[in-house]
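K.L.:
Below you will find the structure I want to go over with you.
The values are calculated or read from the model by the stated rules, or taken from the named source; none is laboratory data. Model, not experiment: these values are computed from the prediction. Don't worry about glycine lacking a Cβ; one is built from the backbone with ideal geometry, like all the others, and counts go over all protein chains shown.
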């Protein structure tokens, strides 16, 4: 479908059926264990979300760390189009900090929340219902003094006493909240139950019809998309969701599933979104690569097998017509053949243009670095594809401010002798430190030699290598999660040699740990 | 919950609310691209499904290949407890073959299907509605002549003209079908729509109340579990599902999500299953390992992050009570700490007992092989855990009838020089063939040397390595998918050295391709 077609098709969609996509990949998604995005990576994802056409980007939770604050402020300053939202508890400092972070956006939103379920009020907040009501009044009023666009969420809404929650929502509305989001924080509700809750809330709070009502569902019982959809059918017009369904525990409702469900069943359901579906596949790949969260092959919409003819298996005879088994066209989500784009003789200008087509605006020093990396890989690999370029650029994004770098290594491995590795690291002073080690295998020997060279004792929590594309000369992409001096950090590396990719990933994880880009241990990061 | 507790708890569950779990991991699941299980692996999974307490095991589609036939027959002969079911189209030969495969089971079922949607009748079957009705009558009658337990599915039911489908179902019932399964073959339906279809079918076919009505949902729009659940709420009492939600395209409804949804919300919903939930985690790991299909970290129930406290991140302060954020207990699905079970001084007897506790009955030559493998690993790895043992045994299951084996290899790799690999392969005549090669990296060099030694030209489609447990000395598990002479096959290998694991996986994929354990290109393997 061309852009013109899409606009025309929108002409007979009712405005009242427009569903706003509130993307929380950078907030709830980024709270997943093992994800540690730096400000540049978050900005890159935000750019892609804007291209995807989401309506609201929840860019982070500014009070939680200076890094989170800077990332939200950077996104607010650079990203045009979507509303940029910062999360805040109901405290004065939280809301002030959220406002400082988003104020430079053209369309800033403050999203404040407090729990309304008794179990959360008593056991987590250790306070009373009266106190909660007072906090909501003050917080929404304060947020409203900064911006017109204020969202309020009664955390653990689906397990709250509905009459008390209705009172709290009324207070938020009286103070000027423009969006009310009722989360299923613990992923406990069922579609009929969630829809019924919204019907009851509308009866108890007639003013709800004047604002946007929103769903926010978690997938603990596998129902996040179905519950969100039930909310839409009950009149909700904002869906909080994350790319690839990442987020706390089993994650949030998956953005791509919600969007493609509404897209595919629009004639039956009526509800529609403004998302440019052709950017879905690329967004999914970017988020998977930068977060280190793989997408399983049988994941709906964006899994490797979601479209039968993408599986690489010849299906002769039976598939006499695509629609016998496929209800969506792979092109709709931007899945195309992985065609050759560049070769070893391609120049800097060609690289820049190709990257721009892929949505990466790379210039100056970043372009020089990407070009150097591209040339190294083009020397070894016959064809450099769009998927390879995405991996190279994502890899380079990881390198912004490193205090440790891998210079070189030599390894001998054999099934008949113990392995030996010799590794050289450039430290923060620019000195080359060389160390040697044995190990259980070549990767272990390299990691131990890096430990020696850096003087760290690291505990490897997770390790994964996969090929970016198919073919013997495919790029290998390594991801590691380490515990270094009690801090957990991740690192990622790309190379045609899996040992080199592993070594780079390991060194970066140590660098990330040193720079405090570690995993948060503050879990109060719902709704 | 102990077994006694579970039985007591079941006492106040209504028999009419009992939902039968029909597991199709070995049939629809095994049809996923890239899965090629041998008969022994299928038997091992079937044993685990019986321990899990599923009611029906759909063991395969016997007509499709001699391998599939043998696997189903082996399961029918060995597995006690669940009904063993074989799939068959409506043709005479299909049903005869399915019966030969399942007849030795104590409780054999034949499951026959034909499409009832016009798009499938016209474009895939290229026949008429009349012909379909005739085929159903003959097929169910034939199946019924073999066994009382006959299931019929109108394929693509959710897109069928409901009045025609009702006529077809009536024919199947008249011929004695005891289970009627109405699949959402293409994953297109929505919960309300699917439930409404069942209500209409009950009106059109009053006899349906005398048999078990079943759901079979695909996850193309992310609704497989929600649609199955809507079917249960509309009175269906059999759910067709697969472990980890594997299956055609985006897969089937995930067994563990359905089971835990009913378990967690039993007091609201009433419906319940006979599944022993404590076997869920182990079943998921076994299926993931043997199929090569990874489970994403944010997958509901069985993903690494599904239970917050399993994520390895210390959550201090906030989680004052588990139930604030967790609606299920990790113990309920059998997730326990990965405790030390064996060390390098453990003997054969200890290994056998520990494996038996893990559910693996290993004896004779298989025990000798597992013990040898265990000793090799225990020499390199301080602790051999339950997860390691699962990986070792699964790895050995892959080796049953191999015509090619890796003898040894030597590799030199460096960031400063091109890599060199020397590999020795034992061929089917027992000869050692040695070859050398360079490459883009050490893995590529090893793979190229294996190509030379075996005289094959292989195209690497997918490559993945991950650590079985955490820790520097963790076992690495490699999975490859190759195209060899136009056939696609997978291989898997486990070793402390990722290069060795990769080399083993590659050699096995070639061996699998030679033995015809390749991926099916017959896609007529729905519903």
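K.L.:
Within segment B:76-88, can one find any residue that is within 14 Å of chain A (Cβ to nearest Cβ), outside any helix (DSSP H, G or I), closer than 19 Å to residue B:60 by Cα and in contact with a strand residue (DSSP E or B) (Cβ under 6 Å, 6 or more places away or on another chain)? Steps first, please.
P.N.:
Kept after step one, since they are within 14 Å of chain A (Cβ to nearest Cβ), are these residues of segment B:76-88: none.
No: segment B:76-88 contains no residue that is within 14 Å of chain A (Cβ to nearest Cβ), outside any helix (DSSP H, G or I), closer than 19 Å to residue B:60 by Cα and in contact with a strand residue (DSSP E or B) (Cβ under 6 Å, 6 or more places away or on another chain).
K.L.:
Then there's this: Determine if segment A:255-264 includes at least one residue that is more than 7 Å from chain B (Cβ to nearest Cβ) and in a loop (DSSP other than H, G, I, E, B). Steps first, answer last, please.
P.N.:
If we filter segment A:255-264 for residues that are more than 7 Å from chain B (Cβ to nearest Cβ), which is where we start, we get A:255-256, A:258-259, A:262-263.
From the residues that got through so far, the ones that are in a loop (DSSP other than H, G, I, E, B) too are none.
No, the conditions are met nowhere in segment A:255-264.
K.L.:
Hey, another quick one. Could you tell me whether residue B:37 is at pLDDT below 95, under 14 Å from residue B:70 (Cα atoms) and not in a helix (DSSP H, G or I)?
P.N.:
Spelling it out, residue B:37 is indeed at pLDDT below 95, under 14 Å from residue B:70 (Cα atoms) and not in a helix (DSSP H, G or I).
K.L.:
Condition check: free of Cβ contacts under 8 Å to residues at least 24 places away in the same chain and surrounded by 17 or more Cβ atoms within 10 Å (Cβ to Cβ). Does residue A:125 satisfy that?
P.N.:
Numbers: free of Cβ contacts under 8 Å to residues at least 24 places away in the same chain: yes; surrounded by 17 or more Cβ atoms within 10 Å (Cβ to Cβ): yes.
Considered against the rule, which asks whether it is free of Cβ contacts under 8 Å to residues at least 24 places away in the same chain and surrounded by 17 or more Cβ atoms within 10 Å (Cβ to Cβ), residue A:125 comes out as yes.
K.L.:
Exactly one condition in (1) under 19 Å from residue B:134 (Cα atoms); (2) in contact (Cβ under 8 Å) with a residue 40 or more places away in the chain; (3) in contact with a helix residue (DSSP H, G or I) (Cβ under 6 Å, 6 or more places away or on another chain) is not met by residue B:161; state its number.
P.N.:
(3)
K.L.:
Let me ask something else about it. Would you point out the residue of segment B:325-357, among those that are modelled with pLDDT under 75 and not in a loop (DSSP other than H, G, I, E, B), that is farthest from residue B:376 (Cα to Cα)?
P.N.:
B:357
K.L.:
Right, next: Out of all the residues in segment B:503-514, which are over 23 Å from the mean Cα position of the chain (by Cα) and farther than 20 Å from residue B:429 by Cβ?
P.N.:
B:503
K.L.:
Go through segment A:416-467 and tell me which strands (runs of 3 or more DSSP E), entirely inside it, have 3 or more residues that are within 8 Å of another protein chain (Cβ to nearest Cβ) and more than 17 Å from residue A:489 (Cβ to Cβ).
P.N.:
In segment A:416-467, A:458-467 are the strands (runs of 3 or more DSSP E) which contain 3 or more residues that are within 8 Å of another protein chain (Cβ to nearest Cβ) and more than 17 Å from residue A:489 (Cβ to Cβ).
K.L.:
Quick check: is even one residue across segment B:380-387 in contact with a strand residue (DSSP E or B) (Cβ under 8 Å, 6 or more places away or on another chain), closer than 30 Å to residue B:342 by Cα and in a loop (DSSP other than H, G, I, E, B)? Working first, answer last.
P.N.:
To start, the set of residues in segment B:380-387 that are in contact with a strand residue (DSSP E or B) (Cβ under 8 Å, 6 or more places away or on another chain) comprises B:383-386.
Applying the additional criterion that residues be closer than 30 Å to residue B:342 by Cα yields B:383-386.
If we keep only those that are in a loop (DSSP other than H, G, I, E, B) as well, we get B:383.
Yes, some residue in segment B:380-387 is in contact with a strand residue (DSSP E or B) (Cβ under 8 Å, 6 or more places away or on another chain), closer than 30 Å to residue B:342 by Cα and in a loop (DSSP other than H, G, I, E, B).
K.L.:
Scanning for something more than 14 Å from every other protein chain (Cβ to nearest Cβ), over 30 Å from residue B:49 (Cβ atoms) and over 24 Å from the mean Cα position of the chain (by Cα), does segment B:362-382 turn up at least one residue? Give the steps one after another, and end with the answer.
P.N.:
First pass over segment B:362-382, keeping only residues more than 14 Å from every other protein chain (Cβ to nearest Cβ): B:362-372, B:374-375.
Adding the requirement that they be over 30 Å from residue B:49 (Cβ atoms) leaves B:375.
Narrowing further to those that are over 24 Å from the mean Cα position of the chain (by Cα): B:375.
Yes - at least one qualifying residue is present in segment B:362-382.
K.L.:
Next up: Which count do you get for residues in segment A:226-249 that are part of a loop (DSSP other than H, G, I, E, B) and more than 8 Å from chain B (Cβ to nearest Cβ)? Walk me through how you get there before you give the answer.
P.N.:
From segment A:226-249, those part of a loop (DSSP other than H, G, I, E, B) are A:234-237, A:246-249; that's our starting set.
If we keep only those that are more than 8 Å from chain B (Cβ to nearest Cβ) as well, we get A:234-237.
Final tally of qualifying residues: 4.
K.L.:
Still on this structure: Please pick out the residue among A:394, A:470 that is modelled with pLDDT under 85, outside any strand (DSSP E or B) and within 7 Å of chain B (Cβ to nearest Cβ).
P.N.:
When all the criteria are applied, what remains is A:470.
K.L.:
Would you point out the residue of segment B:171-214, among those that are within 14 Å of another protein chain (Cβ to nearest Cβ) and in a strand (DSSP E or B), that is surrounded by the fewest Cβ atoms within 10 Å (Cβ to Cβ)? Write out each step before concluding.
P.N.:
Initial filter on segment B:171-214 (within 14 Å of another protein chain (Cβ to nearest Cβ)): B:183-197.
Right, trim to in a strand (DSSP E or B) and you get B:183-184.
Details: B:183: 25, B:184: 29.
Out of the qualifying residues, it is B:183.
K.L.:
Considering only residues that are at pLDDT below 80 and either part of a strand (DSSP E or B) or within 11 Å of another protein chain (Cβ to nearest Cβ) (or both), which ones fall in segment A:497-526?
P.N.:
A:518, A:519, A:520, A:521, A:522, A:523, A:524, A:525, A:526
K.L.:
Then there's this: Restricting to segment B:481-496, what's the tally of residues that are facing another protein chain (nearest Cβ under 9 Å) and within 19 Å of residue B:426 (Cβ to Cβ)?
P.N.:
The number of residues fulfilling the criteria is 1.
K.L.:
Would a scan of segment B:54-73 turn up a residue that is in contact with a strand residue (DSSP E or B) (Cβ under 8 Å, 6 or more places away or on another chain), assigned to a loop (DSSP other than H, G, I, E, B), within 22 Å of residue B:216 (Cα to Cα) and away from chain A (no Cβ under 14 Å)?
P.N.:
Yes - at least one qualifying residue is present in segment B:54-73.
K.L.:
Can you give me the number of residues within segment A:278-295 that are surrounded by 22 or more Cβ atoms within 10 Å (Cβ to Cβ), free of Cβ contacts under 8 Å to residues at least 60 places away in the same chain, within 13 Å of chain B (Cβ to nearest Cβ) and not in a loop (DSSP other than H, G, I, E, B)?
P.N.:
1
K.L.:
Restricting attention to segment A:26-52, and to residues there that are within 13 Å of chain B (Cβ to nearest Cβ) and either over 15 Å from residue A:218 (Cα atoms) or free of Cβ contacts under 8 Å to residues at least 24 places away in the same chain (or both), which single residue is nearest to the chain's Cα centre (by Cα)? Before the answer, list the steps.
P.N.:
Step one: of segment A:26-52, the residues within 13 Å of chain B (Cβ to nearest Cβ) are A:28-36.
Then drop every residue that is not either over 15 Å from residue A:218 (Cα atoms) or free of Cβ contacts under 8 Å to residues at least 24 places away in the same chain (or both), which leaves A:33-36.
Values: A:33: 12, A:34: 12, A:35: 9, A:36: 11 Å.
Only one residue tops the list, namely A:35.
K.L.:
May I ask you to say which residue of B:175, B:130 is more than 30 Å from residue A:264 (Cβ to Cβ) and in contact with a strand residue (DSSP E or B) (Cβ under 9 Å, 6 or more places away or on another chain)? Break it down into steps so the answer makes sense when it comes.
P.N.:
Numbers: B:130 fails: in contact with a strand residue (DSSP E or B) (Cβ under 9 Å, 6 or more places away or on another chain).
Step by step, each of B:175, B:130 is checked, and only B:175 is more than 30 Å from residue A:264 (Cβ to Cβ) and in contact with a strand residue (DSSP E or B) (Cβ under 9 Å, 6 or more places away or on another chain).
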